[in-house]
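Q: Shown below is the structure under consideration.
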Amino acid sequence: MFILMPRRTYMKHSGNELEHLLERERRAKLICAALNNFVDLKSNLINVLKHIKELTGCEAVGVRLHDGEDYPYYIYKGFPELFIQKENSLCFKDNTGNKIPAPDGKGYLLECLCGCVIKGNTDSSLPFFTKHGSFWSNDMSRPWGEKLELRSRNYCKACGYESVALIPIKARNERFGLVQLNDMRKGMFSEELIEFMEMIGEQIGLAVQNSLIYTKLEEANKYTKEILDNLPIALTTYDSNFRLTFANRKAQEITGYQLGEMEGLSDKEIANMVYRVENNNKSLLRELTGSINTIKNRIRTIKTRSGDCLKISVDAYKLENGGFLYLFDEAKRVQGLENLQLQTQTILNSVSNLVLMIDSNETIIMCNTALEEAVEMDAEDILGMNILDFMEMIQFSRKDLANKDLNESDINATYEASFITPNGNKKEIIMVAKDVKTFF
């Protein structure tokens, strides 16, 4: 929001006055631009204060902001340190040094004209107060009258400041502090300048209010992030455009990737990053369409940053705001079986006999190095084949041994067998079929 002087006023002023108004308008734009960035409030208010000091020509400027139950100087320029130390607190104290509670029960009584302006206890019928609640004087030495004298500490006057203006910082009926302008010279202010500063005060108030809201949201987000980071399960979130917005600590530990490396990437990019095995790099989130809002217990295999393959159990949810939630953890039982399989494979490879294992669906699930060498094929070409297809491919044939019991089943039986490798080499073996019992 820019604060502009009405164009019609330019025609009423001389060239110098018009130039001054244009400079004020330029400064107003710079001030408002700075206040739009309320995230780093202090740095931007320092910049704003610099513009105010140059615009008004005052030798001392400062901003008081609410802090606890007091309104100390948040930033200042041109005031002696002794002045700041003396005037920093506005709380009225009794003879024992204790703060006196306000009659309305809201905080403590505030002293001086600063306290009046901040609390809104002003009287526009008095010549020093405006309808907006500001105080200003071009001659602090002149008598104010008993009613106003009782409100003031008179420290500004005692320090020799003749021109003093106190502009409330407020927004949406909430008061946050004030802007203070002091100068040893008389006649530094005009009614027009005070009105301009009151508009600046409102803009500062909006910036302060937005900064407070932002700070509260940041604190809430940090608290939420802390909770999510301490979950024992991995969690990632995506926006409605399928781009990753968050990954908790567990998700980073499992995948090996930091949040900064994943944040902003699409689900397909994430899938290509971690789902690099078994051709399963299709994103589950794309399945959450229409009436399908949830996917439960989907087993996926990922390849972590360190190169380890890991099976995970995944739950995916479509959120009401259009985003997505992805929960996953190690499929411990499956992982345990894989570890057992690895140990079994190591043992089988140490055996000189040929070993071939099939499951209940007659699918080859394991073979050892000796078998690979005998059939002249790699394990990756053998595993997953149906046993009958494999036997047909190698032209497998068998005959019973002479001492075979006619009542003995194929399982736990011994045979003479032969096969021909893909390279055309015929080999003969003694084969024993055994049933493997597995208990969980």
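The values are calculated or read from the model by the stated rules, or taken from the named source; none is laboratory data. Just so it is clear, the structure is predicted and the values come from calculations on it, not from any experiment. Please note: Cβ atoms are built from the backbone with ideal geometry, for glycine as well, and neighbour counts cover all protein chains shown.
Q: Among the listed residues G133, G68, G62, G105, which satisfies the condition of being under 41 Å from the mean Cα position of the chain (by Cα), within 25 Å of Q209 (Cα to Cα), crowded, with 17+ Cβ neighbours inside 10 Å and free of Cβ contacts under 8 Å to residues at least 40 places away in the same chain?
A: Result: G133 is the single residue among G133, G68, G62, G105 that is under 41 Å from the mean Cα position of the chain (by Cα), within 25 Å of Q209 (Cα to Cα), crowded, with 17+ Cβ neighbours inside 10 Å and free of Cβ contacts under 8 Å to residues at least 40 places away in the same chain.
Q: Moving to a separate point now. Quickly run through the stretch 320-331 and pick out the residues that are within 23 Å of the chain's Cα centre (by Cα) and in contact (Cβ under 8 Å) with a residue 24 or more places away in the chain. If you could, list the steps in order and put the result at the bottom.
A: Of the residues in the stretch 320-331, the ones within 23 Å of the chain's Cα centre (by Cα) are 320-329.
Answer for the stretch 320-331, where residues must be within 23 Å of the chain's Cα centre (by Cα) and in contact (Cβ under 8 Å) with a residue 24 or more places away in the chain: N321, G322, G323, F324, L325, Y326, L327, F328, D329.
Results for (1) surrounded by fewer than 12 Cβ atoms within 10 Å (Cβ to Cβ); (2) assigned by TED's automatic domain parsing to the domain that holds T304, shown as yes or no for each residue.
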{"residue": "K216", "(1), (2)": "yes, no"}
{"residue": "K222", "(1), (2)": "yes, no"}
{"residue": "R249", "(1), (2)": "no, yes"}
{"residue": "I254", "(1), (2)": "no, yes"}
{"residue": "I270", "(1), (2)": "no, yes"}
{"residue": "M273", "(1), (2)": "no, yes"}
{"residue": "S283", "(1), (2)": "no, yes"}
{"residue": "I292", "(1), (2)": "yes, yes"}
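Q: Out of curiosity, is Q209 under 29 Å from the mean Cα position of the chain (by Cα) and of a type outside the set (V, I, T)?
A: Yes; evaluated as a whole, the condition is true for this residue.
Q: Also, quick follow-up: Which residue out of N353, N321 is modelled with pLDDT of 85 or more and either assigned to a loop (DSSP other than H, G, I, E, B) or in contact with a strand residue (DSSP E or B) (Cβ under 7 Å, 6 or more places away or on another chain) (or both)?
A: N353
Q: Quick check on L41: is it surrounded by 17 or more Cβ atoms within 10 Å (Cβ to Cβ), in contact (Cβ under 8 Å) with a residue 24 or more places away in the chain and more than 30 Å from E23 (Cα to Cα)? Write out each step before concluding.
A: Working: surrounded by 17 or more Cβ atoms within 10 Å (Cβ to Cβ): yes; in contact (Cβ under 8 Å) with a residue 24 or more places away in the chain: yes; more than 30 Å from E23 (Cα to Cα): no.
No.
Q: Mind counting the residues in the stretch 283-315 that are of a type in the set (A, V, I, L, M) and modelled with pLDDT of 85 or more?
A: Qualifying residue count for the region: 5.
Q: Can I ask one more? Would you check which residues across the stretch 71-95 are of a type outside the set (F, W, Y), over 19 Å from N210 (Cβ atoms) and touching a helix residue (DSSP H, G or I) at 6+ places or on another chain (Cβ under 8 Å) and list them?
A: K77, G78, K86, E87, L90
Q: Something else: Against the condition exposed (fewer than 15 other Cβ atoms within 10 Å of the Cβ), under 20 Å from C58 (Cβ atoms) and at pLDDT 85 or above, how does D139 come out, does it pass?
A: When the stated conditions are applied, D139 passes them.
Q: Sticking with this one: Regarding the stretch 177-184, can at least one residue be identified that is assigned by TED's automatic domain parsing to the domain that holds V63 and free of Cβ contacts under 8 Å to residues at least 40 places away in the same chain?
A: The answer is no, given that none of the residues of the stretch 177-184 is assigned by TED's automatic domain parsing to the domain that holds V63 and free of Cβ contacts under 8 Å to residues at least 40 places away in the same chain.
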